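*Asks:* There's a structure below that I have some questions on.
The values are calculated or read from the model by the stated rules, or taken from the named source; none is laboratory data. Predicted model, so just to flag it, every value in this text is computed and none were measured. Positions of Cβ are backbone-derived with ideal geometry, glycine not excepted, and every protein chain shown enters the neighbour counts. All accessible areas refer to the heavy atoms of the entire protein, side chains included, with ligands and DNA or RNA removed. Shrake-Rupley method; radii C 1.70, N 1.55, O 1.52, S 1.80 Å.
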Amino acid sequence: MNLLVTGASSGFGRAIAKEFGSKGHKVIAIARRKEHLESLQSEIPHCTIVPCDICDKVALKNAIESLPKDFKEIDVLVHNAGLALGISSAQNCDFDDWERMIETNIKALTYLTHLILPQMVERKSGHIITIGSIAGRYPYPGGNVYGASKAFVRQFVLGLRSDLSGTNVRVSDIEPGLAEGSEFSLVRFKGDKQKADALYKGANALTPQDIAQAVYWVATLPPHININTLEMMPTSQSFSALNVHRES
Ligand SMILES: NC(=O)c1ccc[n+]([C@@H]2O[C@H](COP(=O)([O-])OP(=O)(O)OC[C@H]3O[C@@H](n4cnc5c(N)ncnc54)[C@H](OP(=O)(O)O)[C@@H]3O)[C@@H](O)[C@H]2O)c1
């Protein structure tokens, strides 16, 4: 099986690459930081790396078109690269943050799908797996555009399922909750490690390895089974009451 995973330089993407790579599958690893990809490559027997900003349409198209011959057929495409930026309320946010989340979590994901999907349909096999988030289902203060981008991802996956009827191409959205061991919160809090660490204190959160195992399970189920959406949370995480603002 050939895997293409975006955001393979850290966190979930790196763990997903290693999970497939350690089981003998060929891995195409995409991210911007070349040195991180090189270190990943040294740990996987059959791995080609693509240092590329997925928001750069021209660079991404060139990269896909120039894949080495034995990596050209993509069986599993994991859209993992993504980010949350900031936790401010909508009225106080930085619009550049919103734009970057939309560019990365939505636009780049749809463009890469557009590039890869035709070869899967032609072969009548393939699996597209997105890393969504529980933020796409449950709103929280400051989650605004990040949550909306992940809601887009889930609905896009369901729409693809409809369009791909009869093609044998599978599509799944994996939606994790609180997960530590990646750079997600460091990126969100713009390098504030204290703030990022505080989020996970005593939470026994999910790990990149947990997500990688879920992706691998979804991708290796018998071909007649399609997991549409898979929501996963640490046991410690649950729901709280809806907020009511009361006049004093
Ligand atoms: N951690 C959580 O709590 C959590 C929960 C639910 C969902 N998620 C989702 O899981 C996915 C992975 O997150 P993570 O927790 O593993 O965070 P992470 O460690 O920050 O990983 C994000 C990855 O995306 C890559 N990336 C970001 N922008 C990119 C761009 N323009 N072009 C190419 N690559 C880009 C980064 O690589 P470079 O910087 O090297 O480009 C990095 O490898 C994201 O979609 C996130 O929204 C995370």
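*Asks:* For segment 1-90, which trypsin sites (Lys or Arg not before Pro) pass both filters: DSSP loop (anything but H, G, I, E, B) and at most 16 other C-beta atoms within 10 Å?
*Replies:* Numbers: sites: 14, 18, 23, 26, 32, 33, 34, 57, 61, 69, 72; in loops: 23, 32, 33, 72.
Passing both the DSSP loop test and the Cβ count: 23, 32, 33, 72.
*Asks:* Give me the base-10 log of I(q)/I(0) for segment 33-174 at each q in 0.09, 0.14, 0.20 Å⁻¹, Debye formula, one uniform scatterer per Cα, rounded to two decimals.
*Replies:* -0.32, -0.75, -1.26
*Asks:* Provide 245, 46 ordered by accessible surface of protein heavy atoms (probe 1.4 Å), highest first.
*Replies:* Working: 245 150, 46 90 Å².
Ranked list, largest accessible area first: 245, 46.
*Asks:* How big is segment 159-212 by the Kirkwood estimate over distinct Cα pairs, in Å?
*Replies:* 13.6 Å is the Kirkwood radius here.
*Asks:* Accessible area per residue for the chain in Å², computed with a 1.4 Å probe and the full protein assembly in place, what is it?
*Replies:* Values: 12580 Å² over 248 residues.
With the other protein chains kept in place, the chain gives 51 Å² per residue.
*Asks:* Once every Cα of the chain carries one equal point scatterer and solvent is ignored, give the base-10 log of I(q)/I(0) from the Debye formula at q = 0.10, 0.13, 0.18 Å⁻¹, two decimals.
*Replies:* -0.47, -0.80, -1.56
*Asks:* Okay, moving on. When the accessible area of the chain is split by element with a 1.4 Å probe, what percent falls to carbon and sulfur? Mind dumping the intermediate values first?
*Replies:* Details: 6650 of 12580 Å².
Looking at the chain in its full context, I get 53 percent from C and S.
*Asks:* Which far-off residues, 5 or more places away or on another chain, put their amide H under 5 Å from the one on residue 232, with H placed in the peptide plane?
*Replies:* 175, 177
*Asks:* Pairs of Cα atoms under 8 Å, at least six residues apart: use those to get the relative contact order of the chain, whole percent. Kindly include the intermediate steps, with their values, before the conclusion.
*Replies:* On the way: 441 pairs, mean separation 49.0, N = 248.
Dividing the mean separation by the residue count of the chain yields 20 percent.
*Asks:* Could you run the Karplus curve 6.51 cos²θ - 1.76 cosθ + 1.60 with θ = phi - 60° over segment 235-248 and give me ³J(HN,Hα) per residue in whole Hz, x for Gly and Pro?
*Replies:* So the J values, rounded to whole Hz, are 4, 6, 9, 8, 10, 10, 5, 5, 7, 10, 7, 10, 5, 8.
*Asks:* Now a separate question. Please identify the DSSP H helices in the chain that span no less than 24 Å along the helix axis (Cα) and have a mean Kyte-Doolittle hydropathy of -1.0 or more.
*Replies:* Those that pass (Cα extent of 24 Å or more, hydropathy at least -1.0) are 144-163.
*Asks:* Can you grab the distance from the C-alpha centre of segment 80-127 to the C-alpha centre of segment 173-220, Å, no decimals?
*Replies:* Each part's Cα centre sits 18 Å from the other's.
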